[in-house]
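A.B. asks: Take this structure, written in structure tokens, and hold onto it; I'll ask about it next.
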Amino acid sequence: MDDFDAIVLAGGTSRRLGGTPKHAIVVDGKTLLERTLAALEGASQVVVVGDPSLRPLVGDAIVVREDPPLAGPAAGIGAALPHVTSGRVIVLACDQPYVADAVGPLLKAVGTDGAIAIDADGRRQNLTFVARTAALRDAVQRQSTLVDLAVHRLLEPLALAEVSVPEPALKDVDTWEDLGHG
């Protein structure tokens, strides 16, 4: 099963970055959003969750907003799922400059409901996973609300294979220090 869609989580307040939008931060000559979209070049459809102002930045991708705005990544996943048509969907946050190294291993992994990336310490990275679309939809429908729901709670009913991915695929940018700017 090679066909897959993608959800890119590009919302949030970037509070720890002084309000600088994460998607606009440049690493190695490309914004974090450009790097994430490039990592998903094989996707049949890409849905970006974030502010509507992202529309000119995402090419053919669909842009949606969680309701209410800034309700968290689980709400973003829920807002994007109606636009997913493939049998599998990969979910990534746009704040991981090297996430491209995780995409291949995740798509190759076999789990009952999909696969989730784990870091070097064996911790699940809840914003870096691939799932059977039907299983993820079922998990969303089981929730009374997605507003401010922790993604690990959303994923609890899914049987996801844990996949070690190469370093630094899971390095994320939450602060300027994460980029080496202090």
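Every number in this text was worked out from the coordinates using simple rules, so none of it is lab data. The structure displayed is predicted, hence computed values, not measured ones. When we count neighbours, we look across all protein chains shown, and the Cβ atoms used for this are built from the backbone with ideal geometry, even at glycine.
A.B. asks: Working out 0.36 nm times the residue gap between Asp60 and Thr85, then minus their Cα-Cα distance, what length gain in nm do you get to one decimal?
C.D. replies: Extra length from Asp60 to Thr85 when fully extended: 7.5 nm.
A.B. asks: Let me ask something additional. About its Cα centre, how strong a charge dipole does the chain have in debye, to the nearest 20, once Lys and Arg get +1 and Asp and Glu get -1 at the Cβ?
C.D. replies: 300 debye
A.B. asks: Further, regarding this structure: Can you spot the lysines whose alpha carbon is less than 18 Å from Lys171's alpha carbon? Ignore those fewer than 8 places along the same chain.
C.D. replies: Within the straight-line limit of under 18 Å, Lys171 reaches these lysines: Lys22, Lys30.
A.B. asks: Give the calculated FRET efficiency between Ser44 and Ala100 to the nearest 0.05, with a Förster radius of 22 Å applied to their Cβ-Cβ distance.
C.D. replies: Rounded to the nearest 0.05, the efficiency is 0.80.
A.B. asks: Report ³J(HN,Hα) in whole Hz for each residue of the stretch 22-35, in order, from the Karplus equation J = 6.51 cos²θ - 1.76 cosθ + 1.60 where θ = phi - 60°; Gly and Pro get x.
C.D. replies: For the stretch 22-35, the Karplus curve yields 4, 4, 8, 5, 9, 10, 6, x, 10, 5, 4, 5, 4, 5 Hz.
A.B. asks: Could I ask something else about it? Quick one: Cα centre-to-centre distance for the stretch 125-143 and the stretch 1-69, in angstrom?
C.D. replies: Here the answer is 18 Å between Cα centres.
A.B. asks: Looking at the stretch 24-182 from every direction and averaging, what is the projected area of its Cα convex hull in nm²? Let's see the in-between values first.
C.D. replies: On the way: hull surface 37.2 nm².
Its average projected convex-hull area is 9.3 nm².
A.B. asks: Put a dot 7 Å past each Cα toward the Cβ at Glu177 and Asp2; how far apart are the dots in nm?
C.D. replies: Result: 4.5 nm between the two label points.
A.B. asks: A follow-up question, please. Quick check: residue separation of Thr20 and Gln143 times 0.36 nm, minus the Cα distance between them. What number comes out in nm?
C.D. replies: Roughly 41.1 nm would be gained on extension.
A.B. asks: Tell me the net charge near Arg65. Cut-off is 13 Å between Cβ atoms, Arg65 excluded, with +1 for each Lys or Arg and -1 for each Asp or Glu.
C.D. replies: Neighbour charge sum, excluding Arg65 itself: -2.
A.B. asks: Another one. Compare the Cα positions of Val140, Pro168, Ala120 along the charge dipole of the stretch 109-182 (+1 at Cβ of Lys, Arg; -1 at Cβ of Asp, Glu; about the Cα centre) and return the one farthest towards the positive end.
C.D. replies: Val140
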